[in-house]
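One structure is given here, and the rest of the page talks about it.
No lab work stands behind these numbers, since they all come straight from the coordinates. This is a predicted model, so every value here is computed, not measured. Reconstructed Cβ throughout: ideal geometry from the backbone, glycine too, with neighbour counts over all protein chains shown.
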Amino acid sequence: MMFDSQHSQITQFVEEAAAVQLSRRQVIGRGLALGLSVSTISALLAVRPENVLAVGGGTMKIAFTLDLQFLDPQLVQSDQDLLPSTLIFSRLVQWDATMLDPKPDVAESWTVSDDNLTYVFTLRPGTKFHSGREVTADDVVFSFQRALDTGDKGRGKAELRDVESFTATGPFEFTVKLKQPSAVFMTSCGHWALPILNKETVADIATAPDGAGPFRFGEWIPGDHANYTKNPDYWNTEALAGWPDEIVTQPVVEALTRIANLKAGQIDLAENVPSQLVKELERDTSIQLIRQPFTASYWCVNFNLRQPPFDNVKVRQAVAMAIDKEAIHQNVFFGTGEIGCSLIPSTHWAYDASLSCPPRDIEAAKALMAEAGHGDGLQVTFKFGGNDPAIEAPLGEILKQNLAEIGIDLDLQEMESGLWLQEVWLDKKFDLTNAQYTREPDPDGLMQSVLRKDGGNNVMGYDNPRIEELFDQGKATLDQEKRKPVYSEIIKIMLEEMPLVKLQTVEVVWAGDKKVSGMQIWPKGLPNYLDYTFDPEA
């Protein structure tokens, strides 16, 4: 009977999806919930009438919360930098809407050996850098090696952790050998930190980036705007036809100003709609809300484990017990998203409901502070400003009140985003900070860069050899039933050692005008800039 019921649900779902009675977001979300494969969901999306290209042309204007930091994609740390990375550069493969089913990009096809250790990529002949030279396998070798050489300053090294070797086995053939089978290697090949670079022009990448992507770099005036123009030589001419001739981005810090500019027709896309505005904007027929099929985004409070007082696990546990997540949920996120302590959201197949979150307990937190030798209290700084000031400032105020209850005097230090990135994220000069993690939906992608020793998001300095073993074990098989207990153990260890405090998941919502059609927000929290259409006359 259970099988008959599920079969009926799937049949009804497929009929509704084919008849375009469901949004793209609903097709992906419900399809995954019913256990359909990513390829099946992609096929349903592909046959929908909305897949027809719009006229394209014109200028699309986008407002981000913060200004650009890096044009070099292998140094990117901030979300706003992913737009130039995606527009200017190509990769072996592209992420699809789910980030789980990579699509061809510079690699038009690939084969995998029976032991899942050797990948052979066939490059697309005729793909050219913006400067005019044809892309070859030697460029891919150079790009992968540069990612490794960039080290912890970027994210590419961690994405290549499973790679034993890579080589050009022909002018347009690139071969990779892995140390062990990997459930995430192909999605890593679409990562922003693994672009294909022109080794002949890379010296100028910080000011004149030269890629093979769909848009060419125009200019960047810090604090004012950046612009990109359509690349007529881009390989995917069908998709290119539906995109704007030019994309212009600008930093607009205040969310209300971004929305006002959108309503006034001054911009076409606005980043990060505040939670308290979502319901109001749902009723506004002049704009559209652009949403995720599911979210891989979450907010955390992060400790610096390299120095006192947070090198002491008891102090970290005390802080975790003192934080009032419900107050943050209601007053900072306005009741949206989901409170939790696991980095895996409750709707994910790898979520383990048997792992309970430590309850808020002020007396127990005080006892831990006393055991750690801080019964008389202490003072620490909370540096913030690199994510979203509209969230971080009120979050800091609540944390200050919470920690005062256990004798911690929290000094709130708001910083300009570029200074925060350098001082906190890169130089690791902080006691306590916060982070909005926008990750990939596979459980390895959700957590590895946050908890692994060399992870690009491990600002805490967390290092646990058992965690390293578990991550390697978890991605060595595609069997979800074998992978799930591995990630459960990772979360259990994390909750015991508390290198960070997960506050809650968040749905990332953007707003757009009617010129933009078919765009979705990746689970990572950013638009899929390679799957939409733009009609300047709409």
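Take the alpha carbon gyration tensor of region 90-204, find the square roots of its eigenvalues, order them as a ≥ b ≥ c, and report rounded if a/c is under 1.5; if not, report prolate when a/b exceeds b/c, else oblate.
rounded
Centre-to-centre separation between the Cα atoms of region 458-475 and those of region 262-324: 25 Å.
Give the shape of region 438-538 as rounded, prolate or oblate, defined through the alpha-carbon gyration tensor: a ≥ b ≥ c are the square roots of its eigenvalues, a/c under 1.5 means rounded, and otherwise the shape is prolate if a/b is larger than b/c and oblate if not. Could the numbers behind the result be given before it?
Numbers: a/c = 3.10, a/b = 2.21, b/c = 1.40.
Verdict is prolate for region 438-538.
Apply 1/(1 + (r/R0)^6) to the Cβ-Cβ distance of residue 263 and residue 201, taking R0 = 56 Å, and write down the FRET efficiency to the nearest 0.05.
Step by step, r from the Cβ atoms, then E = 0.85.
In order along region 331-347, the Karplus-derived 3J(HN,Hα) couplings, from 6.51 cos²θ - 1.76 cosθ + 1.60 at θ = phi - 60°, round to 9, 9, 9, 6, x, 9, x, 9, 5, x, 10, 7, 6, 9, x, 5, 8 Hz, and Gly and Pro are given as x. Listing 91, 466, 161 from fewest to most neighbouring C-beta atoms within 10 Å gives 466, 161, 91. Pairs 128/515; 230/514; 153/325; 383/524: which exceed 27 Å Cα-Cα? Going by Cα-Cα distance, 128/515; 153/325 fall outside the 27 Å limit. The mean sequence distance of close C-alpha pairs (under 8 Å, at least 6 residues apart), as a share of the length of the chain, puts its relative contact order at 20 percent. Note that region 56-71 has calculated 3J(HN,Hα) couplings of x, x, x, 10, 9, 10, 10, 10, 9, 5, 10, 7, 4, 10, 9, 9 Hz, one per residue in order, obtained from phi through the Karplus relation 6.51 cos²θ - 1.76 cosθ + 1.60 (θ = phi - 60°); glycine and proline are x. Note on 419, 269, 68: ascending count of other Cβ atoms within 10 Å places them as 419, 68, 269, the fewest first.
Taking 0.36 nm per residue of separation and subtracting the Cα-Cα distance, full extension of the segment from residue 353 to residue 538 would add 62.0 nm. Across all Cα pairs in region 297-505, the calculated P(r) in 10 Å bins from zero up to the longest distance comes to 9, 36, 38, 16, 2, 0 percent per bin. With the crude spin-label approximation of a point 7 Å out along Cα→Cβ, what separation in nm comes out for residue 103 versus residue 324? Placing both labels 7 Å beyond Cα along the Cβ direction yields 4.7 nm.
Where both residues lie in the chain, what percent of DSSP beta bridges are antiparallel, nearest 5? Of those bridges, close to 75 percent are antiparallel. Remark: 535, 96 ranked as 535, 96, counting other beta-carbon atoms within 10 Å and listing the fewest first. Straightening the chain between residue 478 and residue 398 buys 24.6 nm, computed as 0.36 nm per residue apart minus the Cα-Cα spacing. By the 4.7 Å beta carbon criterion, which cysteine residues of the chain come out unpaired? Here 189, 300 come out as lacking a disulfide-compatible partner, given the Cβ-Cβ threshold of under 4.7 Å.
Paramagnetic label reach from residue 278 (point 7 Å along Cα→Cβ; backbone nitrogen cut-off under 11 Å): within region 317-342, residues 333-338.
Please work out how much length the chain gains when fully extended from residue 225 to residue 208, using 0.36 nm per residue of separation minus the C-alpha to C-alpha distance, in nm with one decimal.
On the way: separation 17, 0.36 × 17 = 6.12 nm, distance 1.54 nm.
Between residue 225 and residue 208, full extension yields an extra 4.6 nm.
Using the rule -39500 (n - 2.57) for each DSSP H run of four or more residues, divided by the residues of the chain, the 222 nm mean residue ellipticity is -9000 deg cm²/dmol.
Taking Rh as the Kirkwood radius, which is the inverse of the mean 1/r over Cα pairs, what is the Rg/Rh value for the chain?
On the way: Rg = 23.2 Å, Rh = 24.2 Å.
Here Rg/Rh amounts to 0.96.
In straight-distance terms, cross-link reach from residue 179 covers every one of the lysines whose alpha-carbon lies under 21 Å from its own, apart from those fewer than eight places away in the same chain; here that gives 157, 453, 475, 482. Extending 7 Å from the Cα toward the beta-carbon at both residue 411 and residue 311 defines two label points whose distance is 1.9 nm. Region 520-538 and region 165-242 have Cα centres lying 19 Å from one another. Amide H contacts for residue 57 (H built 1.01 Å from N in the peptide plane; partners 5 or more residues away or on another chain; cut-off under 5 Å): 243, 245. Taking the Cα of residue 233, stepping 7 Å toward and past its beta carbon, and measuring to each backbone N in region 176-199: which are under 19 Å? Label zone hits: 195-199.
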